Amino acid sequence: MSSEVPRSRHFRRFLAIWLGLSIVGVLLVVFAFEGDLPPGTDADDAAGQQVDNTVLTAIGTPIVLFVLVLLAYSLINFRQRGEQLEDGPRVHGNRTAEIAFVTCEVAIVAVLFAYGTWRLLEPGASGGGQGPTPLSPASVAQGESRLPVQVIGQQWHFTYRYPTYDGLETPHLVLPIGRPVEFHVTSLDVVHSFWAYQLGVKADANPGVDNVAYATPNDLGEFDVRCVELCGIWHGYMFDTGRVVSEGEFTAWIGEQQRFFAPVKRYLPPYSKTYNPAPTGRAG
Amino acid sequence: MIRRPLGFNLLTGLVLAVVGFALGHWLGGQIDGPSLAYTSDTGESDVETALAYLLGVVGFLVGLGFANYPVARMLGRPPSLPRPPTQGIGRYFAFTPEHKVVATQYFVGIGFFFAVAGLNAMLIRLELLHSSNDFFAPDHYLTIVGLHGSMMMGLMTSAVLGPFGNYFVPLLIGARRSAFPRLESLSFWLLMAADVALLSTIALGGFQTGWTGYAPLSEQGVVGVIPYAFFFGLVGLAMTLLGLNLTATVVTMRAPGMSWNRIPIFVWGIATTAVMMVLAAPVLVVGVALLIVDRTAQTSFYLTTAGGSAYLFENLFWFFGHPEVYLLMLPGAGILLQLLPVFTRKPLWGYRIAVSGMVGIALVSFTVWQHHLFVSGLAADLRPFYMLSTELISIPTGLIILAALGTLWQARMRFEVPMLFCLAWIFNFLIGGITGLYQSDVPSNVTTHGSFFVLAHFHYTIMGGLIFAFFAAIYYWVPKMFGYMLDERLGRVHFWLMFLAFNSTFFPLFIAGFLGMPRRVVTYPERFEIYNTWSSISAFVLGFSMLVFLVNLVYSVVISRTPAPANPWHATSLEWQTTSPPPPHNFDEIPEIGHPHDYGVDEPDVIRRPRPASAEGS
C-alpha cells in the first residue's frame with residue numbers, strides 16, 4: 001500500500017529509475033543507433049540531417065522517459081484497491097517542482113533553438129529550400145565552383161536544366177561526385193516539392209519562384225527523387241531516380257545528352273530563373 | 001407572435017435549399033458566358049455552381065427560420081425569441097435556441113459525419129494495403145483523401161466545443177442558458193450544411209487538392225473544388241460563431257462567485273479555444289472566398305501568371321491552420337484535466353500552471369504558422385524565428401502535461417472507462433508531441449516535411465489526443481446528457497481495441513515517413529509495403545472498435561436503459577448537482593460556488609466516504 005512509503009521516498013525512487021533509464025537510453029541513441037538513423041550519409045546534407053535526428057532523439061529520450069516512468073510509477077503505486085471510495089491527499093501544487101520544471105523547459109528550448117539556428121546558418125543549411133536569395137550558400141574549395149542545376153516541376157514529372165552546359169534540358173538527373181550542387185527549383189504550373197531523399201534535399205517548386213537548395217553528393221550510386229507536395233491526380237507517380245557518377249562519366253553523359261537533345265534545343269525557351277507559361281487551362 | 005401557416009424546421013429548410021440551389025444554378029447560367037473563358041472549354045461553370053451553393057445555403061437557413069427574427073425586427077415588431085418546443089423529438093430537427101438541445105444535435109450530427117469521414121479513412125487504408133493495389137483511380141483516391149482530411153478537420157474543431165462545450169459550459173459556470181442562443185443554433189446548422197456541401201462534391205467530379213487545397217492546384221481543379229471551398233467557408237463561419245457564443249458565455253454568464261480562478265479547467269480549455277477560433281477562423285473564410293472569386297469573378301489572387309501569388313493562399317491557410325491544430329488540442333487537454341481529479345480523488349495539481357499553459361498555447365499558436373513552409377523558399381531568413389516560436393510552444397504544452405502528471409502523483413486512481421481514455425491521452429500525446437520536435441528543427445524538418453512522418457505525428461495529436469479525450473467525455477457525460485449509463489464491459493472492450501489498434505496503425509507510419517514515403521500518394525515502392533500492410537490491417541481493427549462503441553451507445557441508450565445514478569462518478573462539479581438530464585433551465589436554484597476540482601482529504605491516507613452531491617461545492 002502506498003501509505004507505507006513516505007512521499008519523498010516515492011519521488012527519490014522515481015528519480016533514480018528515470019535517471020538510470022535515461023542514461024542507458026541516451027547512450028543507446030548516441031552510440032548504437034546513430035549510424036542507422038535516416039536519411040543516411042550519401043551526401044553532406046543527408047549526413048547533417050542524420051546528426052540532427054540523432055541529437056533530437058538524444059534530447060527527446062529523457063523527456064519521453066520522464067513522462068512514461070512517472071506515468072507507469074503512478075499507475076503501479078497510486079491506485080485504489082478496495083471497493084470503498086478512497087480520497088487522495090489535498091495537494092494543490094508544488095511551487096518548487098513547478099519552477100524546476102519550467103526552468104528545465106526553458107533550458108531545453110534555448111539549447112534546441114541555439115543548436116537549430118547554428119545548423120541552419122552552416123553552409124548549405126542542411127538541404128532545405130532557401131528561396132531566391134540564400135542565406136547560407138554551400139561552401140566551395142578554392143578554385144572550385146558549384147554546379148548549378150535547375151529543377152523544373154510540372155504536372156507530373158521533373159525536368160532538369162544545366163545552365164553551365166548550354167542550358168541543356170533533360171528528364172534525367174545525373175550529378176558528379178564530390179562537387180557542391182546548387183539546385184534552382186521552380187515550377188511551370190502548380191506547387192510541387194522536390195525531394196532527393198538520399199541527398200537530403202527538399203525544396204518546394206513554386207510557379208514564378210526560384211527556390212535554391214544545396215547538396216554535395218559523396219557516394220556513387222542511385223538516389224530517389226519524389227514530389228512531396230500534392231500536385232494533382234498523378235502526384236503519386238511523380239518520381240524518378242537520379243544518379244551520382246564520377247567526374248569523367250558525368251562529362252561523357254553531358255555530351256551524350258547534348259547530342260541526343262540537339263534536335264529539340266531550338267524549341268526550348270532560353271534559360272531563366274523562372275518561367276511564365278501561358279495558362280494551359282485545367283487538368284485533373 | 002404571428003401565426004405561421006407552416007412551421008420552420010428541417011423539412012422547410014431542405015425544400016428551400018433545393019429551391020435556392022436551382023435558382024442559383026439558373027441565375028449563374030444566365031451570367032456565365034464566353035467572356036468567362038476560364039470555364040468555357042469544359043462545359044462546367046464555376047459561376048453556376050458557386051451561385052447554386054450560395055443560394056442553396058441561404059435558402060436552407062431561411063427555411064430553418066433564421067431570417068424570422070431579423071425580418072421581424074426590421075418590420076418594427078418587438079424583440080422576442082422564437083418559443084422553442086421544449087418537448088418531443090421535433091425540437092432536434094429545427095432551429096432551437098436551447099444550449100442542451102443544440103449540443104445534442106451537435107453530438108449526433110458530428111457523430112454521423114465522423115463515421116462518414118472514418119469510412120473514407122478505411123478506403124484510404126484499403127488502397128494502401130499493398131504497394132500494387134489499384135482499388136481506386138488516382139482522382140477518386142485523392143477525392144477520398146480530401147474528403148477524409150477536410151471533413152475530419154472541419155468536424156474536429158467543433159467535436160468538443162459543439163457537443164460538450166455547448167452543453168456543459170453553461171452548466172459548469174452555473175448559467176441557465178448561453179449568451180447568444182440563436183448564433184449557437186446557427187453554428188450547428190452551418191456545420192451541417194458545410195458537410196452536406198462537401199459530400200456533394202462527389203457528384204461534381206470530386207476535388208484532387210487534399211484538405212489543404214493549395215492554389216494554384218485548386219484553381220485548375222474540376223468544378224468539385226467549389227463545394228470544397230464552400231465547405232471551409234461555412235465551417236469557418238460556424239467556428240467563428242461557435243467561438244463567439246462560448247467566449248461571451250464564459251465572460252458574461254458566470255454565476256455569482258464564479259470568479260476567474262474558480263472556473264473549472266474544462267471551461268478554461270473551451271474559453272481559450274473559443275477565443276482562438278474567433279481570431280483564426282475568419283482568415284480561413286477569407287482564404288477560400290478569394291479562391292471562389294478567383295474561379296468565378298476572374299480575379300487572380302493566387303495566379304502567379306497574372307500577378308498573384310501561390311504563397312498568399314499558403315499564408316492565409318496556415319495562419320488559420322496552425323492555431324487550428326492547437327484548438328484541436330486544448331479542448332482535449334481541458335477534458336483530461338477536468339476528469340483526472342474525479343478519478344484520482346485529488347484536486348487538480350497546479351490549476352494556475354494549467355491555466356497559464358492553456359493561455360500560453362493560445363497566444364503563441366498565432367506566431368508559428370510558417371513552420372509549415374520551412375522548405376517553401378518563403379521568407380527563408382525568418383526560419384529561426386518560426387523555429388523558436390514553435391519550440392516555445394512546448395513550454396505551455398509541457399505545463400499541461402505536468403499538471404496531469406502531478407494530479408496522478410500520490411493519487412487514489414480508479415480505472416473507470418473515462419479514466420482509461422484519459423491515461424491513453426497522456427501516452428498518445430506524448431508520442432505526438434515529441435515527434436513534433438523533429439519538425440520544429442529545420443534540418444530535421446527537411447527529412448520529415450510532407451512525408452508520412454508528419455501524417456503519423458498529427459494523427460497522434462488529433463486522434464490520439466482529441467478523439468481519445470472526446471470518448472472520455474462521452475463515457476463520462478452521456479449519463480448526464482441522456483440519463484443512462486453506458487455499458488462498462490463494452491466500454492472496456494472498445495477502449496483496449498481502440499488504444500492498441502490506434503498505436504499499431506500509426507506508429508509504423510513514422511518509420512515509413514522517415515524512410516522516405518511522401519503523403520497523399522496512391523502508390524508507393526515495395527520497400528514501404530510492410531509498414532503499410534501492417535498499418536492497414538490495424539486500421540480495420542480500429543474501425544471495428546468504433547463499431548463496438550456504436551453498439552454500446554445504441555444498446556445502452558436505446559435498449560438496456562440502465563438509469564444513471566445522480567452522481568455516478570462522485571464528482572464535485574456543478575453539472576452533477578442537477579438532475580440527469582437537466583431541466584431546460586438547468587438549475588432550480590443557482591448553486592453556491594466553491595473551489596473547482598475540490599477532491600481529497602487534508603490528512604493523507606484517511607479513508608472517507610464521499611459526500612452526498614447536494615452537500616458539496618462550498
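The values are calculated or read from the model by the stated rules, or taken from the named source; none is laboratory data. Just so you know, these numbers come straight off a predicted model, no measurement behind them. Neighbour counts are summed over all protein chains in view; Cβ atoms, including those assigned to glycine, are modelled from backbone coordinates with ideal geometry.
Data table
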{"item": "Single unsatisfied condition, B:Ile395 versus (1) of a type in the set (Val, Ile, Thr); (2) surrounded by fewer than 22 Cβ atoms within 10 Å (Cβ to Cβ); (3) more than 10 Å from chain A (Cβ to nearest Cβ)", "result": "(3)"}
{"item": "Neighbours by Cβ (under 7 Å, 6+ apart or cross-chain): first from region B:439-464, more than 7 Å from chain A (Cβ to nearest Cβ); second among the acidic types (Asp, Glu)", "result": "B:Ser440/B:Glu391"}
{"item": "When residues of region A:88-106 are limited to those that are at the interface with chain B (Cβ under 8 Å from one of its Cβ atoms) and within 35 Å of the chain's Cα centre (by Cα), the one surrounded by the fewest Cβ atoms within 10 Å (Cβ to Cβ)", "result": "A:Val106"}
{"item": "Residue check for A:Val109: facing chain B (nearest Cβ under 8 Å), surrounded by 18 or more Cβ atoms within 10 Å (Cβ to Cβ) and β-branched (Val, Ile, Thr)", "result": "yes"}
{"item": "Failed criterion for B:Thr212 (all others in (1) away from chain A (no Cβ under 14 Å); (2) touching a residue at least 40 places away in the same chain (Cβ under 8 Å) hold)", "result": "(1)"}
{"item": "Residue list for region A:28-75, restricted to those being closer than 13 Å to A:Val201 by Cα, of a type outside the set (S, T, N, Q) and part of a helix (DSSP H, G or I)", "result": "A:Asp44, A:Asp45, A:Ala46, A:Ala47, A:Gly48"}
{"item": "Qualifying residues in region B:480-522 (those that are aromatic (Phe, Trp, Tyr) and touching a Pro at 6+ places or on another chain (Cβ under 9 Å)) - the one nearest to B:Phe168 (Cα to Cα)", "result": "B:Phe482"}
{"item": "Matching residues, region B:220-268, being within 14 Å of chain A (Cβ to nearest Cβ) and touching a residue at least 60 places away in the same chain (Cβ under 8 Å)", "result": "B:Val222, B:Val223, B:Gly224, B:Val225, B:Ile226, B:Tyr228, B:Asn261, B:Arg262, B:Ile265"}
{"item": "Unmet criterion (only one of (1) among the polar types (S, T, N, Q); (2) touching a residue at least 60 places away in the same chain (Cβ under 8 Å); (3) under 27 Å from B:Val15 (Cα atoms)) for B:Ser200", "result": "(2)"}
{"item": "Every residue from region B:126-141 that is surrounded by fewer than 20 Cβ atoms within 10 Å (Cβ to Cβ) and either at positive phi or within 26 Å of the chain's Cα centre (by Cα) (or both)", "result": "B:Leu126, B:His140"}
{"item": "Residue in region B:543-556 that is away from every other protein chain (no Cβ under 14 Å), within 21 Å of B:Glu127 (Cα to Cα) and of a type in the set (Val, Ile, Thr) present", "result": "no"}
{"item": "Within region B:420-507, helices (runs of 4 or more DSSP H) holding 1 or more residues that are within 16 Å of B:Leu328 (Cβ to Cβ) and under 22 Å from the mean Cα position of the chain (by Cα)", "result": "B:452-461, B:468-482"}
{"item": "Residues of region B:149-160 satisfying the condition of being in contact with a Leu (Cβ under 9 Å, 6 or more places away or on another chain) and assigned to a helix (DSSP H, G or I)", "result": "B:Ser150, B:Met151, B:Met153, B:Gly154, B:Leu155, B:Met156, B:Thr157, B:Ser158, B:Ala159"}
{"item": "Checklist (1) facing chain A (nearest Cβ under 7 Å); (2) among the aliphatic types (A, V, I, L, M); (3) within 19 Å of B:Ile467 (Cβ to Cβ); (4) buried (at least 23 other Cβ atoms within 10 Å of the Cβ) applied to B:Ala404, failing item", "result": "(1)"}
{"item": "Sole residue being facing chain B (nearest Cβ under 10 Å), buried (at least 18 other Cβ atoms within 10 Å of the Cβ), on the phi < 0 side of the Ramachandran plot and not β-branched (Val, Ile, Thr), chosen from A:Leu85, A:Leu75, A:Leu120", "result": "A:Leu120"}
{"item": "Whichever residue in region B:298-321 is under 13 Å from B:Val286 (Cα atoms) and not in a helix (DSSP H, G or I) and, among such residues, is farthest from the other protein chains (Cβ to nearest Cβ)", "result": "B:Phe301"}
{"item": "Qualifying residue in region B:349-357 (condition: surrounded by fewer than 23 Cβ atoms within 10 Å (Cβ to Cβ), within 14 Å of another protein chain (Cβ to nearest Cβ), part of a loop (DSSP other than H, G, I, E, B) and hydroxyl-bearing (Ser, Thr, Tyr))", "result": "no"}
{"item": "Hits in region A:212-222 - residues which are more than 10 Å from chain B (Cβ to nearest Cβ) and either closer than 16 Å to A:His192 by Cα or touching a residue at least 60 places away in the same chain (Cβ under 8 Å) (or both)", "result": "A:Tyr214, A:Ala215, A:Thr216, A:Pro217, A:Asn218, A:Asp219, A:Gly221"}
{"item": "Whichever residue in region B:365-377 is in contact with an Asp or Glu (Cβ under 7 Å, 6 or more places away or on another chain) and among the aliphatic types (A, V, I, L, M) and, among such residues, is nearest to the other protein chains (Cβ to nearest Cβ)", "result": "B:Val375"}
{"item": "Qualifying positions in region B:333-347 - buried (at least 24 other Cβ atoms within 10 Å of the Cβ) and either in a helix (DSSP H, G or I) or modelled with pLDDT of 95 or more (or both)", "result": "B:Ala333, B:Gly334, B:Ile335, B:Leu336, B:Leu337, B:Gln338, B:Leu339, B:Leu340, B:Pro341, B:Phe343, B:Thr344"}
{"item": "Test: residue in region B:470-480 that is within 21 Å of B:Tyr351 (Cα to Cα) and of a type in the set (A, V, I, L, M)", "result": "yes"}
{"item": "First in region A:44-61 and more than 7 Å from chain B (Cβ to nearest Cβ), second anywhere and hydroxyl-bearing (Ser, Thr, Tyr) and outside any helix (DSSP H, G or I), Cβ under 9 Å, 6 or more apart", "result": "A:Asp44/A:Tyr214; A:Asp44/A:Thr216; A:Asp45/A:Tyr214; A:Asp45/A:Thr216; A:Ala47/A:Thr41; A:Gln50/A:Thr41"}
{"item": "Selected residue (criterion: surrounded by the most Cβ atoms within 10 Å (Cβ to Cβ)) from residues of region A:124-164 that are polar (S, T, N, Q) and in a loop (DSSP other than H, G, I, E, B)", "result": "A:Gln130"}
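Condition check ((1) part of a loop (DSSP other than H, G, I, E, B); (2) farther than 23 Å from B:Ser187 by Cβ) across all residues:
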position: B:Pro97; (1), (2): yes, no
position: B:Val108; (1), (2): no, no
position: B:Phe135; (1), (2): yes, yes
position: B:Leu142; (1), (2): no, yes
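Conditions tested, residue by residue: (1) modelled with pLDDT under 95; (2) within 20 Å of B:Phe514 (Cα to Cα).
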position: A:Gly208; (1), (2): yes, no
position: A:Ala215; (1), (2): yes, yes
position: A:Cys231; (1), (2): yes, no
position: A:Tyr237; (1), (2): yes, yes
position: A:Thr241; (1), (2): no, yes
